[in-house]
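The block underneath contains the structure these notes are about, expressed in structure tokens.
Please treat every number below as a calculation from the coordinates, not as lab data. Keep in mind that this is a model prediction, so the values were computed, not measured. Reconstructed Cβ throughout: ideal geometry from the backbone, glycine too, with neighbour counts over all protein chains shown.
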Amino acid sequence: MQVVKYMFQPHGDERGQLIALEEFKDIPFRIKRVYFMYDTLEGVVRGLHAHKTLEQILVCIHGSCKIKLDNGRETKIIPLEKPYEGLYVPSSMWREMFDFSPDAVLLVFASELYDENDYIRDYGEFKKYIADKEKEKSEGI
Ligand code: TYD
């Protein structure tokens with residue numbers, strides 16, 4: 001599985017750091033929604049879903065956490081601990097967020113508005129969704 005990370009350009013000077021993110025330039029899609037998670041309790045696993053169409057960039061702007069990506073065939077665990085690093089999560093990818101430090105703030109840029117119909121929240125359903133997609137592809141549909 002290819003993991004795509006974006007390294008954002010910090011505009012640092014003697015006062016400190018600043019990162020600016022623009023859609024289609026630093027973020028590879030139109031940003032329709034931004035949300036963030038904080039005060040995540042120890043041992044909590046968030047996410048546990050995939051999206052049919054939505055794409056995301058995850059940035060741990062403070063503290064640290066880990067992201068598990070699963071494309072139905074392979075899994076990878078990616079630590080996020082730098083505010084200038086963005087993890088791209090494409091559609092059809094199961095994700096889990098865990099190991100949040102108490103001070104972690106996980107910022108998410110999403111390509112779509114919140115839509116429960118775009119979620120696959122059952123892992124068995126996700127595996128079937130991937131298998132069906134691959135079958136369609138191999139049959140040239
Ligand atoms: P949830 O999907 O459980 O978050 P995660 O996937 O990170 O574990 O979302 C938690 C709650 O917040 C749930 O009631 C839905 C709501 N929510 C919104 O209203 N808008 C949003 O953009 C998101 C991501 C969640």
If you line up the long axis of helix 123-138 against the longest principal axis of the chain, both from Cα atoms, how many degrees apart are they, to the nearest 10?
-> 70 degrees
Under 15 Å, Cα to Cα: Lys pairs in the chain, sequence gap 8 or more or different chains | 13
Using θ = phi - 60° and Karplus 6.51 cos²θ - 1.76 cosθ + 1.60, couplings along region 90-97 (whole Hz; Gly, Pro as x) = x, 5, 6, 10, 6, 10, 9, 10
Cα-based Rg (one decimal) and Dmax (whole number) for the chain, in Å?
-> 16.0, 58
Amide H of GLN56: which non-local residues (sequence gap of 5 or more, or other chain) have their own amide H closer than 5 Å, using H built in the peptide plane?
-> VAL89
Under a 10 Å cutoff between Cα atoms, tell me which one of HIS51, HIS62, HIS11 has the largest fluctuation in the Gaussian network model of the chain.
-> HIS11
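When a footprinting reagent is the concern and you count Cβ atoms within 10 Å, what order do ASP122, ASP26 take, fewest first?
ASP122, ASP26
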Let me have the relative contact order for the chain, percent, based on Cα pairs under 8 Å that are six or more residues apart.
-> 32 percent
Just need the relative contact order of region 48-131 here, percent rounded to a whole number, with Cα pairs under 8 Å and 6+ apart.
-> 43 percent
Taking the radius of gyration and the Kirkwood hydrodynamic radius from Cα positions alone, what is the Rg/Rh ratio for region 1-78, to two decimal places?
-> 0.98
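Specify the longest stretch of the chain that does not include any exposed loop site, a site being one of the GluC sites (Glu not before Pro) with a non-H, G, I, E, B DSSP assignment and at most 13 other Cβ atoms within 10 Å.
In short, 82-138.
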Taking the alpha-carbon centre of each part, the distance from region 52-80 to region 1-47 in Å is 12 Å
What is the set of long-range amide H partners of HIS62 at a cut-off below 5 Å, with H atoms built 1.01 Å from backbone N?
-> VAL105
Taking a ≥ b ≥ c as the square roots of the Cα gyration tensor eigenvalues, with a/c under 1.5 meaning rounded and otherwise prolate when a/b beats b/c or oblate if not, region 40-94 comes out prolate
